[in-house]
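What follows is one structure encoded as structure tokens, with my remarks underneath.
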Amino acid sequence: MYTTTDEQGRLNNYAKEPALYLAEYPSPQQQQRYLLQSAVALLFVSLALMTAFAVS
């Protein structure tokens with residue numbers, strides 16, 4: 001952490017900035033896993049909505 005003071009003696013604390021990096025494109029296996037996860041999530045949400053409509 002950097003600590004500085006200005007002309008009037010006020011203390012300024014600045015957080016250290018993290019190093020930046022570029023994200024890597026997902027591999028084909030990761031893409032398939034994301035597709036499966038989205039299908040399961042869509043199924044879960046649609047079942048929850050159908051249950052809510054059936055109960056009401």
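Within segment 11-29, work out how many residues are part of a loop (DSSP other than H, G, I, E, B) and either open to solvent by less than 100 Å² (accessible area, probe 1.4 Å) or in contact with a strand residue (DSSP E or B) (Cβ under 6 Å, 6 or more places away or on another chain) (or both).
Within segment 11-29, the subset part of a loop (DSSP other than H, G, I, E, B) is 15-27.
Add one more test, that the residue is either open to solvent by less than 100 Å² (accessible area, probe 1.4 Å) or in contact with a strand residue (DSSP E or B) (Cβ under 6 Å, 6 or more places away or on another chain) (or both), and what stays is 15, 19, 23, 26-27.
The qualifying residues number 5.
I'm told residue 32 meets every condition in (1) touching a Phe, Trp or Tyr at 6+ places or on another chain (Cβ under 8 Å); (2) open to solvent by 90 Å² or more (accessible area, probe 1.4 Å); (3) among the polar types (S, T, N, Q) except one. Can you identify the failing condition by its number?
Evaluating residue 32 over (1) touching a Phe, Trp or Tyr at 6+ places or on another chain (Cβ under 8 Å); (2) open to solvent by 90 Å² or more (accessible area, probe 1.4 Å); (3) among the polar types (S, T, N, Q) leaves (1) as the failure.
Could you tell me whether any residue of segment 40-52 is surrounded by 10 or more Cβ atoms within 10 Å (Cβ to Cβ), in a helix (DSSP H, G or I), more than 27 Å from the chain's Cα centre (by Cα) and not polar (S, T, N, Q)?
Looking through segment 40-52, at least one residue is surrounded by 10 or more Cβ atoms within 10 Å (Cβ to Cβ), in a helix (DSSP H, G or I), more than 27 Å from the chain's Cα centre (by Cα) and not polar (S, T, N, Q).
Just wondering, is there one or more residues in segment 3-10 that are open to solvent by less than 100 Å² (accessible area, probe 1.4 Å), at pLDDT below 85 and not polar (S, T, N, Q)?
Within segment 3-10, one or more residues are open to solvent by less than 100 Å² (accessible area, probe 1.4 Å), at pLDDT below 85 and not polar (S, T, N, Q).
The values are calculated or read from the model by the stated rules, or taken from the named source; none is laboratory data. Small disclaimer: the values here were computed from a predicted structure and weren't measured. Glycine gets a Cβ as well: all are built from the backbone with ideal geometry, and neighbour counts include every protein chain shown. Please note that ligands, DNA and RNA were not included when accessible areas were found on the heavy atoms of the full protein model with its side chains. Shrake-Rupley method; radii C 1.70, N 1.55, O 1.52, S 1.80 Å.
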